[in-house]
1. Fully extended, how many nm does the chain gain between residue 364 and residue 201 (0.36 nm per residue separation, minus their Cα-Cα distance)?
2. What ³J(HN,Hα) values, in whole Hz, does the Karplus curve 6.51 cos²θ - 1.76 cosθ + 1.60 give for segment 4-15 when θ = phi - 60°, with x put for Gly and Pro?
3. Just want the ordering: 47, 340, from fewest to most Cβ atoms lying within 10 Å of their own Cβ.
4. Tell me the mean residue ellipticity at 222 nm calculated for the chain from its helices only (DSSP H runs of n ≥ 4, each -39500 (n - 2.57), averaged over every residue, nearest 500).
5. Taking 7 Å along the Cα-to-C-beta vector as the label spot, tell me the residue 97-residue 40 distance in nanometres, rounded to one decimal.
6. Please rank 219, 360, 119, fewest neighbouring Cβ atoms within 10 Å first, as an exposure proxy.
7. Which semi-axis lengths, in whole Å and largest first, follow from the square roots of five times the eigenvalues of the Cα gyration tensor of segment 1-80?
8. Which whole-number percent of Cα pairs in segment 244-391 have a distance greater than 24 Å?
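Rule-based calculations on the coordinates, nothing more; no lab input. Note that this is a predicted model, so its numbers are computed, not measured. Please note: Cβ atoms are built from the backbone with ideal geometry, for glycine as well, and neighbour counts cover all protein chains shown.
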Amino acid sequence: MPIKKYILPIIVFAQFCCTSLWFAGNAIIFDLIGNFNLSLSSLSHLTSAVQFGFIIGTFLFAILAISDRFSASKVFFISAMIASGINLLTVLEVNTFKSLFAIRFGTGFFLAGIYPVGMKIASDFFKSGLGKSLGFLVGALVIGTAFPHALKVFGDFISWKSLVYITSIVAFLGGLVLVLFVPEGPYKVKSQKFDITLFYSVFKIKKFRSAAFGYFGHMWELYAFWAFVPFILSRYLGHHNNAHFNVSLWSFIIIGIGAVGCVFSGFLSQIYTPKKVAVATLSLSCICCLVSPIFFLISSETVFLGFLLFWGIVVIADSPLFSTLVAQSAPNYAKGTALTIVNSIGFGITILSIQLINSMQNSIEVRHLFLVLAIGPFFGVLQFALNKFRV
C-alpha cells in the first residue's frame, strides 16, 4: 500500500506544535519567579514537574496499552487538547508554586499521549526507513522544545502571558491537524485486550533490552543539558566580561540545532546501521561532557558557543535511532506500549540527573557541573559493547 507523501510532514508538524508545551515554563521561568515570588530553584523543580507528569502518564498509557488498543491519532488529539488547556492555566494571577507545579505536572502527563504516540503513528506507516522517519519526528520534538525560547527572544513585543497563549493554540492546532488528516497506518496491529504482562515481558527480548538501556544512558544526559543551557550561558557571561550574546536566542539555537543532528543521523542510519550511528553519537556526546570544563574557561565566546552547538547536535542525534531499535525489536502488536514504557523509564532518569545537577550547582564550580552527565552516555556505550548488540 503506497503511503501518501503528506503523512510524514503532518506527523512532524503536529509533533513540533504539541511539544512546544514542554519547555514553555522554562522559557518564562524568570517571569514566573518575579510574578509569583518563586525561588531561583524553581527552574529545576518546574522542569522536573513536567518530567514527573510525563513519567506517570507514560506509565499509565503503557500499562493500559492505550495507543495499541485505540486509534493513535485520536489519542494524540485528545492529549493535545487537554495539555494545551492545562498550559493556559499558567496565566492565572492566583497561582502559587504549588499550583504551577501541578500545571506543569498535568502538561507533562498528557504529553505522554503526544511524543511516544507520535512515534507509534510513524512506525505504523513506515517500516523500511523508520530511522529516517523518526529522525524527522524527533527533530520536530527538538524544535518544539526550543520554540518557547525563540518566542522569548521577542520579549519586548511578546509578553510572557502571550507566550503561554501562543504555545497552547499551536499545540491544539497540531493535534487537530493530525486527527483530521492522518488515519490508521497500514502496519498497525491492534492489541485486542489489556495485558499488564507487556510492561515487563518485552524486556525479556535481548535486542529490546539493549536498545532500551542505550536510550536510558542517553536520557541521563539529554534533558539535564537542555534544562541548564540558559544557566550555563548566563554563568559564562558572568565569568567573562568581554562576552556579549543573547541568552534566550542562543538557548533556542543550541537546543534547536539538535533537529539537524536527528535528521542527519536518520539518513546515516540508512547507509550504516541505526546501532552504529547511535553508538558513535552517544560516544561524542560523552566526550563533550568530559571536556566541557575546558571550554567554559576559554574566553572566546565564538569557540564556547561553537562547542555548545556541536554538543547540541550530538546530544540528541541518537534519540530517533534508539527509538527505531526499540520499535524494531518489539512485537508488532505491542510497539506503542514498548515505546511508551521506554519513554516512561527514560524520563524518570531525567529527573534524577536534573535534580543532581541542581543540588550540585552551589557546591562545585560551574565549569565542572556537567562532568557527572558523562555517566549516562558511558553506560549506554558500555552496555552495547558488553551485549554485542547486532542489527
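1. Details: separation 163, 0.36 × 163 = 58.68 nm, distance 4.19 nm.
The span from residue 364 to residue 201 would gain 54.5 nm if fully extended.
2. Couplings: 4, 5, 7, 4, 4, x, 5, 4, 5, 4, 5, 5 Hz.
3. Details: 47 27, 340 31.
If I rank by nearby Cβ atoms, fewest first, I get 47, 340.
4. -24500 deg cm²/dmol
5. About 1.5 nm separates the two model spin labels.
6. By the 10 Å Cβ count, ascending: 360, 219, 119.
7. Values: eigenvalues 213, 63, 13 Å².
Taking √(5λ) for each Cα gyration eigenvalue gives 33, 18, 8 Å.
8. Of all Cα-Cα pairs in segment 244-391, 38 percent lie more than 24 Å apart.
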